[in-house]
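Beneath this line is the structure, given in structure tokens, with notes to follow.
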2 protein chains.
Amino acid sequence: MTAPLTSLELRSTVSSDGKLTLSLEPVTLEAPGPDEVIVRVEAAPINPSDLGLLLGPADMATLATGGTPDRPTLTADILAGRMGAMKPRLDESMAVGNEGAGTVVEAGTNVAHLLGKKVGMLGGAMYAQYRKLAARDCIALPEGATAADGASMFVNPLTALSMVETLRMEGHKALVHTAAASNLGQMLNRVCIADGVPLVNIVRSEAQAQILRDIGAKYIVDSSAPDFREALTDAIAETGATLAFDAIGGGKIVNSILHAMEAAANRTATAYSRYGSSTWKQVYIYGMLDTAPTELDRGYGLAWGVSGFLVTPFLMKLGLEGTLRLRARVAAELTTTFASTYTQTISLAEALDPDVVQAYAKKATGEKYLIDPSR
Amino acid sequence: MTAPLTSLELRSTVSSDGKLTLSLEPVTLEAPGPDEVIVRVEAAPINPSDLGLLLGPADMATLATGGTPDRPTLTADILAGRMGAMKPRLDESMAVGNEGAGTVVEAGTNVAHLLGKKVGMLGGAMYAQYRKLAARDCIALPEGATAADGASMFVNPLTALSMVETLRMEGHKALVHTAAASNLGQMLNRVCIADGVPLVNIVRSEAQAQILRDIGAKYIVDSSAPDFREALTDAIAETGATLAFDAIGGGKIVNSILHAMEAAANRTATAYSRYGSSTWKQVYIYGMLDTAPTELDRGYGLAWGVSGFLVTPFLMKLGLEGTLRLRARVAAELTTTFASTYTQTISLAEALDPDVVQAYAKKATGEKYLIDPSR
């Protein structure tokens, strides 16, 4: 390949009149600067964190196809009452895809050693045939690793590691995690086992529990079981967990975790405190598998916090040295601790197919889609 | 007076069979130790923070009187489904009343200078004719101050000051406060005006707004007005408030504040961020005027936190020196910045009268009850 080259890029646009449009737009990539590379994207995951930008709050019942077979489009109505939040992105054609991996096809003079190498990339706009970016936003994959191996080496691994870093920074002893059989949850189990951090896994089915048992998880609680509250309290009491990371967000799961932490704290309380236990209980919400409101009945005193969690600001708080330490661990353990599995690999055009969109928008635990734009 | 002396003390008991009983129990006070005093209690406020211990989750429709005119009792049923949280206090006779003021009638050898002085007190069990406590838990009132002046010199003043200390510790520029026309809210306005901290007051009626205008409040937003959201966003945008203290707890007020903070942040945003603004938005819930669940729709990105807030742990975090600094300010400005007003003064026996209980349990803004056990 020689630049300038043309790349099709997946774009998401919300128009002022309330329509979402997905399309594949040609963009021209000029030759890379001295510290830049151009990568042929061969694998980019559809993470839950990509879906907000990709689909917006679209009404999934209104998906409609258009365009041509080579350049398909997909449209949908934005849900009533959700246009307010769209204001900052109205009528802007937004590129999508937080991370990906592929082969370096052009390299600037200072980074010529990367030419022909497979790399993982972070930086947005990864749902594209080619991506030009700074070499510092790439990590060369270990010998023998495929693009699929390197496609998810940032978001999930760094999020899992950030959870354990948060535990250490805030002085907690053990961790609770929801939707715990996800790719991220499996990574977190492997990290916690290696690091000796007790982890209470909350899953929603026996099948998910089995996935975690198979990788050596010790504490697994099924929220669909009738004794969920009691079993969760037992596991929290045994591990001393006072920190939780929640991927679900909506409904009562955060509330249930705080109640269980408070009940566990009160098992060892020696005196009645009218304001609840003095044990600080912290839940971070990092996902939105349930878009319903979070309901907190506050029946656990006043020593509690619920916060949003996003990995990038956390890494800024951790600092450059800490971030590089985490990145190095991910690269070293890419195909072991941080291995991801995908249930489907699709082309860019297929990412705009209504049936496929319905499937990946479900965010079912264990289902994971990979886009291969080189197909 | 000479010890041992007998004091009637208000007690609250929740029995295993689901009954709340309030009673006046005689207790014998032995002579004070060298660093202790005995105080005749002449004024003790009924704070919202006392009501949980005093009334528990009682069904207010079931209040029934008993006992004798001198030693009345009051009983009520505990609300269905709320007995679980009562477990740690079951069948224990609990003394009530966080703070109060009165006259020192006996003093230990090391603190004899306090004899005959009026003092403010912190430490529980203040709904009693006499209270023995360590002299370090008393503050001598300034010349000319009455017991009523000193009755509320701990909980509300230290909470108001802690809010401003929190603002400084966490690096916020301005503050939002709800139920802002309360005694505490009025104190907070006087503190913020003196300290130059912009304060956005949220009230629920025009009458409450007028109370605050009269003491010089600049930003007042009425949550019952149709343009509440817009007016709140304007005030937050103008002040740059990213911190709120909420006395209400339940319902959607916390959510509305976070939305307004996010909308204010987005007014100056230059680019769309799919994860919401990067401006950290923090709400502390310190009261429970509405016992309904807190509902968070999370439509304000991921840079937000909601936490419980209790003044005692905060002061422990602030440290002894900081706490003494705040206490000294309260004593110096007791009848100005930290003046409280009371709508009713009642006797210990009247505190058990069903009609009176109904009234003070309402926690209406502007209504404040004072118990004078010396009546």
Item checked: Distant alpha-carbon pairs in region A:234-375 (separation over 24 angstrom), percent -> 55 percent
Margin query: Can you give the local net charge around A:M86? Use residues other than it whose beta-carbon is closer than 14 angstrom to its beta-carbon, Lys and Arg +1, Asp and Glu -1.
Written below: -1
Next item on the list: Pop out the Kirkwood hydrodynamic radius of region A:27-99 from its pairwise C-alpha distances, inverse of mean 1/r, in Å to one decimal.
Entry: 15.2 Å
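Note the full-extension length gain between A:A64 and A:D227 as 0.36 nm times their separation in residues minus their Cα-Cα distance, in nm to one decimal.
Using 0.36 nm per residue and subtracting the Cα-Cα distance, I get 54.3 nm.
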Notebook entry, point to check: Helix B:183-195: angle to the longest alpha-carbon principal axis of chain B, degrees 0 to 90, nearest 10?
Noted result: 60 degrees
Next item on the list: Compute the label-point distances linking A:T65 to its equivalents in the other copies; points lie 7 Å from Cα along Cα→Cβ; give nm, one decimal, shortest first.
Entry: 8.0
Next item on the list: Report the paramagnetic label zone for B:E143: residues of region B:320-334 whose backbone N is under 18 Å from a point 7 Å from Cα along the Cα-to-Cβ axis.
Entry: B:331-334
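What's the extension gain from A:M169 to A:S15 if we count 0.36 nm per residue and subtract their Cα-Cα distance?
Net length gain for the segment: 51.1 nm.
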Checklist line | Crossing angle, helix B:253-267 versus chain B [Cα axis fit, 0-90 degrees, rounded to tens] | finding: 30 degrees
Next item on the list: Wrap a convex hull around the Cα atoms of region B:268-352, take a quarter of its surface area, and give that in square nanometres.
Entry: 10.8 nm²
Notebook entry, point to check: What ratio of Cα Rg to 2.2 N^0.38 Å holds for chain B?
Noted result: 1.05
Next item on the list: Between beta-carbons, use under 12 Å as the cut-off and find the net charge around B:A359, counting Lys and Arg +1, Asp and Glu -1.
Entry: -1
Checklist line | Dimensionless Rg over Rh [region B:1-136; C-alpha; Kirkwood] | finding: 1.04
Notebook entry, point to check: Hull surface divided by four, with the convex hull built on the Cα atoms of the protein assembly as shown: how many nm²?
Noted result: 35.4 nm²
Note to self: Please compute the Kirkwood hydrodynamic radius of region A:132-217 from all pairs of different C-alpha atoms, in Å with one decimal.
What the structure shows: 14.4 Å
Item checked: Beta bridge orientation in chain B: antiparallel %, DSSP, nearest 5 -> 65 percent
Check: What dipole magnitude, in Debye to the nearest 20, does region B:210-301 give about its Cα centre under +1 on Lys/Arg Cβ and -1 on Asp/Glu Cβ?
Finding: 300 debye
Next item on the list: Send over the semi-axes of region A:190-263's equivalent ellipsoid, whole angstrom and largest first, taken as the square roots of 5 times the C-alpha gyration tensor eigenvalues.
Entry: 18, 15, 12
Next item on the list: Give the Debye-formula value of log10 I(q)/I(0) at each listed q (0.17 Å⁻¹), with one equal scatterer per alpha carbon of region A:155-315, two decimals each.
Entry: -0.97
Notebook entry, point to check: Which one of A:L20, A:N98, A:C192 has its Cα pushed farthest toward the positive end of the charge dipole of chain A, where Lys and Arg give +1 and Asp and Glu give -1 at the Cβ?
Noted result: A:C192
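Note down the net charge around B:S347, summing +1 for each Lys or Arg and -1 for each Asp or Glu among other residues with Cβ under 10 Å from its Cβ.
My count for the surroundings of B:S347 gives -2.
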Item checked: Label 7 Å beyond Cα on the Cβ vector: B:R213 copy-to-copy distances, nm -> 6.9
Next item on the list: Could you please tell me the mean projected area of the C-alpha convex hull for region A:68-126, averaged over all directions and given in square nanometres to one decimal?
Entry: 6.9 nm²
Check: Taking 0.36 nm per residue of separation and subtracting the Cα-Cα distance, what length does fully extending B:L324 through B:E367 add?
Finding: 12.5 nm
Check: Could you work out the helix-only [θ] at 222 nm for chain A, with each DSSP H run of four or more residues adding -39,500 (n - 2.57) and the total divided by the number of residues, to the nearest 500 deg cm²/dmol?
Finding: -8500 deg cm²/dmol
Item checked: Listed peptides A:227-235, B:147-155 by packing density, highest first (mean Cβ within 10 Å) -> B:147-155, A:227-235
Item checked: Alpha-carbon Debye profile of region B:283-329, log10 I(q)/I(0) at 0.26, 0.29, 0.32 Å⁻¹ -> -0.98, -1.09, -1.17
Notebook entry, point to check: So what is Rg over Rh here for region B:67-167, counting just Cα atoms and using Kirkwood for Rh?
Noted result: 1.08
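Read-outs throughout are calculated quantities, based only on the coordinates presented, and are distinct from any laboratory measurement. Given the structure is predicted, the values throughout are model-derived calculations rather than measurements. No Cβ is skipped: glycine too gets one built from the backbone with ideal geometry, and neighbour counts run over all protein chains shown.
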